[in-house]
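> So that we are looking at the same thing, I have put the structure below in structure tokens.
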Amino acid sequence: MAEEFIPLRILLLEDNQALRERFARIMDQWSGACLVASCATLQQALEVLQTTSVDLLIADLDLPDGHGAQAIRRLRELHTEAEAMVITALADENSVLDAIEAGAAGYLLKDAESFELIEAIEELRAGRSPISTAIARVLVRRMSKAAPEGQAPRLTPREVEILQGIAKGFTYAELGEWLGISHQTVPVHIKNIYRKLSANNRSEAVYEAQRWGLLRS
């Protein structure tokens, strides 16, 4: 018997009404998603997170009553398996790093077309981290700065291999096939990597590994 397909339960947080309605239409027209709520303020989103099951939070950062990173942190606390993706006009280093440190696994700028948005969500669901080119440049500039002080985290050779695969965008299944290990074992290694790097998601783990010089070019 075929496995039942369950649409992705999405919470949208965007204060601009025109953009919020545009993104909501895209979600409504896509069979892969179910828009559980469309919020204009941080407070509204926090209330939804408290009472509603969510698989993905799509959030702006610059909100009239706070910062989108606050919603991302709350998502991580209440729905540990959920993902967060930022769609914003902010591309400065502080905004990017704040969002990633809060737990965002994707970061798009608001010039994304509708098909790019759907592709980004599907990439996220497949275990990848969709990031706009301009945002990737911000991260590259950040990583090119001096390495942090102190002793680098100690990763096993297997953990380094898995990090390499994560950086290439491999899914858990692809990592297992690539390394010849059970796909059930991959999440165990990834959990250990996150703990050692003090990371909350894939993009943050790769970012921290690059800062410490743990990944080969």
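The values are calculated or read from the model by the stated rules, or taken from the named source; none is laboratory data. Just so it is clear, the structure is predicted and the values come from calculations on it, not from any experiment. Virtual Cβ from ideal backbone geometry, glycine too; neighbours counted across all protein chains shown. In case anyone asks, the SASA skips ligands and DNA or RNA and just uses the protein heavy atoms, side chains included. Shrake-Rupley method; radii C 1.70, N 1.55, O 1.52, S 1.80 Å.
> For the range 17-34, which residues satisfy the criterion of being closer than 14 Å to Glu122 by Cα and surrounded by 15 or more Cβ atoms within 10 Å (Cβ to Cβ)? Break it down into steps so the answer makes sense when it comes.
Restricting attention to the range 17-34, the residues satisfying the condition of being closer than 14 Å to Glu122 by Cα are 26-27, 30-34.
Scanning the range 17-34 gives Ile26, Met27, Trp30, Ala33.
> Moving on to the next point. Does Ser53 qualify as being touching a Lys or Arg at 6+ places or on another chain (Cβ under 7 Å) and surrounded by fewer than 20 Cβ atoms within 10 Å (Cβ to Cβ)? Working first, answer last.
Values: touching a Lys or Arg at 6+ places or on another chain (Cβ under 7 Å): yes; surrounded by fewer than 20 Cβ atoms within 10 Å (Cβ to Cβ): yes.
In short, yes.
> Then there's this: List, please: which pairs have Cβ atoms under 9 Å, are six or more places apart or on different chains, and start with a residue in the range 164-190 that is touching a residue at least 24 places away in the same chain (Cβ under 8 Å) and open to solvent by 70 Å² or more (accessible area, probe 1.4 Å) and end with one that is part of a helix (DSSP H, G or I) and of a type in the set (Val, Ile, Thr)?
Taking only residues 6 or more apart or on different chains, the pairs are Tyr172/Val186; Tyr172/Ile190.
> Take the conditions farther than 26 Å from Ser198 by Cα, open to solvent by 30 Å² or more (accessible area, probe 1.4 Å), of a type in the set (Asp, Glu) and without any contact (Cβ under 8 Å) to a residue 40 or more places away in the chain and apply them to Glu81. Does it pass?
Working: farther than 26 Å from Ser198 by Cα: no; open to solvent by 30 Å² or more (accessible area, probe 1.4 Å): yes; of a type in the set (Asp, Glu): yes; without any contact (Cβ under 8 Å) to a residue 40 or more places away in the chain: yes.
No.
> Sort through Ala84, Ala112 and tell me the only one that's at pLDDT 85 or above and among the aliphatic types (A, V, I, L, M).
On the way: Ala112 fails: at pLDDT 85 or above.
Step by step, each of Ala84, Ala112 is checked, and only Ala84 is at pLDDT 85 or above and among the aliphatic types (A, V, I, L, M).
> Exactly one of these conditions fails for Gly66: (1) open to solvent by less than 20 Å² (accessible area, probe 1.4 Å); (2) at pLDDT 90 or above; (3) not hydroxyl-bearing (Ser, Thr, Tyr). Give me its number.
Result: Gly66 passes all but (1).
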